[in-house]
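Derivation of every value follows stated rules applied to the coordinates shown; laboratory data play no part. All figures in this text were calculated on a predicted structure; none of them were measured in a lab. Reconstructed Cβ throughout: ideal geometry from the backbone, glycine too, with neighbour counts over all protein chains shown.
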Amino acid sequence: MNKLMMALVLVVSVSSQAALNFDSDVPAAIKTQMIEDLNFVSQLTGNGQTPFHKAIFSAVDGKTYQTFFDTRITSVGVDSCGGGAAVACVQPFFDPNKMWLTDNFIKFSHPQIARLMVVFHEARHSESNNGNWMHASCPRPFLDSNGKDMKSIWTGAKLEGQPACDITQNGSYGSSTIMLKNISRFCTNCSDKVKMDADIYAADQLNRISRPAVKQAMIADFATP
Ligand SMILES: [Zn+2]
């Protein structure tokens, strides 16, 4: 590697770290992992998108995703987020631009694109001008197509009656589902594994859309040519 390239690599890695402030109690491994995850997403390229994706993110494109995240989240801390099965949260009354990770984010091993799904879900919650896209309560009972209880793909916790659903495609569950589905369909430099993981987690999160007409509209959106 020549000196110019080395300098560029240094600038790139320093600038991506400077964008995010990590509290000192965020485990070093988690900090490193999140920086790697954000670097990965910042390099995605795509060759298309669905109308719902265009409305929220504007393009399947790494720099566009990076700007979306950087303009919403500036710091990361560790918190219980109210306890229970929470994976991460934003606490708008305290600081809408800070994302908190719980032990559940740290202790479970999920694919990279699934961690990014959580991170972009939380970024959407930073939008105070949109009421922070508060969740809706999941139905009771809340059953999958096989009649089994719907559970969190992250923790396995039962979801019925929990504030863990959306009734719009524009909320945190909806927007991150749309993002992953579009990465699965349109990313031009993702591995087959990344695309497959994106599809699996998008399919799961789509079930968090508890208003049938909205879910149908999303399925139609994902099938647009
Ligand atoms: Zn949320």
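Of all the residues in the range 128-146, those that are in a loop (DSSP other than H, G, I, E, B), among the hydroxyl-bearing types (Ser, Thr, Tyr) and within 16 Å of the ligand (Cβ to nearest atom) number 1.
Phe120 falls short on exactly one of the conditions (1) touching a residue at least 12 places away in the same chain (Cβ under 8 Å); (2) more than 15 Å from Phe69 (Cβ to Cβ); (3) among the aromatic types (Phe, Trp, Tyr), and that condition is (2). Scanning the range 35-51 for residues that are touching a residue at least 40 places away in the same chain (Cβ under 8 Å) and touching a Phe, Trp or Tyr at 6+ places or on another chain (Cβ under 8 Å) returns Leu38, Val41, Leu44, Gly46, Asn47, Gly48, Gln49, Thr50.
Residues checked against (1) away from the ligand (no atom under 16 Å from the Cβ); (2) part of a helix (DSSP H, G or I); (3) in contact with a Ser or Thr (Cβ under 9 Å, 6 or more places away or on another chain):
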position	(1), (2), (3)
Asn170	no, no, no
Ser176	no, yes, no
Lys181	yes, yes, yes
Ser184	yes, yes, no
Cys190	yes, no, yes
Val194	yes, yes, yes
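Annotation note: Cβ proximity below 6 Å between a residue of the range 154-182 that is without any contact (Cβ under 8 Å) to a residue 24 or more places away in the chain and a residue that is among the charged types (D, E, K, R) and more than 13 Å from the ligand (Cβ to nearest atom) (sequence gap 6+ or interchain) occurs for Lys158/Asp149; Lys158/Lys151; Glu160/Arg140. Exactly one residue among Arg208, Arg185 is crowded, with 24+ Cβ neighbours inside 10 Å and charged (D, E, K, R), and that residue is Arg208. The condition of being surrounded by fewer than 16 Cβ atoms within 10 Å (Cβ to Cβ) and in contact (Cβ under 8 Å) with a residue 24 or more places away in the chain holds for Pro111. For the range 196-225, the set of residues classified as free of Cβ contacts under 8 Å to residues at least 24 places away in the same chain and assigned to a helix (DSSP H, G or I) consists of Met196, Asp199, Ile200, Ala203, Pro212, Ala213, Lys215, Gln216, Ile219, Ala220, listed by residue number.
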